[in-house]
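This report refers to the structure that appears directly beneath it.
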Amino acid sequence: MRSSKPVFLSILAMGLAIGAGTIGFILSEHLSFFDALWLTVVTILTVGYGDTVPQTFYGKLFALLIIPVGISIVTYATGAVASMMMEGEFSKTVRRRKMRKKIDSLSNHIIVCGFGRVGEQVVRELLKNGTHVVVVEKNVGRLEADDSLLYIEGDATEDEVLVAAGIERAAGLVAALPADADNVFISLTAKGLNRNIQIVARAERPETEEKLRRAGADKVINPSFLSGRRMAMTILKPVSVDYVDTIFHDHEEEFALEEIRLSPHSPLANRLLRESEIRPRYGVTVVAIQRGNAIISNPSSDEVLQAGDLIIVFGKKEQLVRFEEIASSEKGAP
């Protein structure tokens, strides 16, 4: 954006020179506004058609002053525009304007603060799942090379930067900066701007996790802890880890895990799990149920499904889609 400043200044200088020249020729040559404007433009651009020329001494003197000024401005403007075009700033400016309009039209999107080692993985995974993502990053060099990414250049700890990323309309925010202090500040700021937003924050030190929760983070992830645990499990249970990785990361795999909210008027609500016959009817398996802040793992057949439950189910993708239609429906029979 810095390279567009010379162009703006040259346009401003050109406008001022044309305005001053028009007024000068009106006063010295007693011309009409249009004739004075015409004479100014052809003089500044050194065209010299000869149809309108200064006749008075003061008009000629004024022309002697404005010609070098005009030549200087035109030369500067030409160089600035050429430089801007050569550096690709014009196309970047157009792209950023289109991108800003697209960001302004988004809602229920995810904001990812930081596009480093962790942040990039978060962004790629969200995009694979068809989620709209806006990245907030100070150094946008790598982001500019990818036309599929929406981003805001700036410091994610500043209110106006998060507002530009659509914080009021966003469904979630991932604070993935390498410094724990920055992630604490981002979490605090984001909750202040949108108290309903879901925040997942990165923590490098275990002692920071509680601070992040107090600042407003709903979930705190320690990449080092998770990486170490996964490495250990890969040694101990390699087949199981590979299968879980396939489910979560291979989008061509027909099986998946899904979180489905039970509608108050769903035909499954207020029924025993065994009475619902979810497995024989829909071919999916209920892995767990989240009820409020509690997680019911491997629920028994005597568990009563309640409206508002978040049901975690495993099965084929087409079966999960059919089950979600029933669980989220307002009426009908299972």
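The values are calculated or read from the model by the stated rules, or taken from the named source; none is laboratory data. Predicted model, so just to flag it, every value in this text is computed and none were measured. When we count neighbours, we look across all protein chains shown, and the Cβ atoms used for this are built from the backbone with ideal geometry, even at glycine. In case anyone asks, the SASA skips ligands and DNA or RNA and just uses the protein heavy atoms, side chains included. Shrake-Rupley method; radii C 1.70, N 1.55, O 1.52, S 1.80 Å.
At-a-glance table
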item	result
Under 15 Å, Cβ to Cβ, from LYS211 - net charge with Lys/Arg +1 and Asp/Glu -1	-1
Cα-derived Rg to Rh of region 1-142, Kirkwood definition	1.29
Between 0 and 90°, nearest 10: helix 180-193 axis offset from the chain longest Cα axis	80
Between region 1-77 and region 300-322, the Cα center-to-center distance that results, in Å	76
Cα-based Kirkwood hydrodynamic radius, region 79-171, one decimal, Å	13.9
Phi to ³J(HN,Hα) by Karplus 6.51 cos²θ - 1.76 cosθ + 1.60 over region 38-45, Hz, x for Gly, Pro	4, 5, 5, 5, 5, 6, 5, 7
Candidate lysines - alpha carbon under 17 Å from LYS102, same-chain residues fewer than 8 apart omitted	LYS92
Between helix 317-327 and the chain: long-axis angle, C-alpha atoms, 0 to 90°, nearest 10	80
Probe 1.4 Å, protein heavy atoms only - accessible area per residue of region 10-96 in square angstrom	61
Length added when fully stretched, ALA20-ARG279, from 0.36 nm per residue minus Cα-Cα	85.0 nm
Principal axis box of region 118-226, alpha-carbon based, largest edge first, Å	38, 29, 25
Average accessible area per residue (Å²) across region 166-285 - probe 1.4 Å, nucleic acids and ligands excluded	59
Mean separation of Cα contacts under 8 Å, 6 or more apart, over the residue count of region 1-110: relative contact order %	33
Per-residue ³J(HN,Hα) for region 262-273, Karplus 6.51 cos²θ - 1.76 cosθ + 1.60, θ = phi - 60°, Hz, x for Gly and Pro	7, 6, x, 9, 5, x, 8, 5, 6, 10, 5, 4
Around GLU158: net Lys/Arg minus Asp/Glu count, Cβ-Cβ under 12 Å	-4
Protein accessible area in region 270-334, 1.4 Å probe - carbon and sulfur %	48
Relative contact order of the chain, pairs being alpha-carbon contacts under 8 Å that are 6 or more residues apart, as %	10
Under 12 Å from the Cα of LYS128 - aspartates and glutamates, other chains or at least 8 residues apart	ASP250, GLU252
PHE33, PHE115, PHE255, PHE185, ranked by accessible area, largest first (probe 1.4 Å)	PHE33, PHE185, PHE255, PHE115
Most mobile listed residue (ILE311, ILE199, ILE221) in the chain, GNM with C-alpha springs under 10 Å	ILE311
Whole-number D in µm²/s for the chain (Stokes-Einstein; Kirkwood sum over Cα pairs; 20 °C, 1.002 mPa s)	84
Percentage relative contact order, region 186-243, counting C-alpha pairs under 8 Å, at least six apart	30
GNM result for the chain, Cα springs below 10 Å: residue of LEU126, LEU212, LEU61 fluctuating most strongly	LEU61
Using alpha-carbon coordinates, inclination of helix 89-105 to the longest axis of the chain, degrees	50
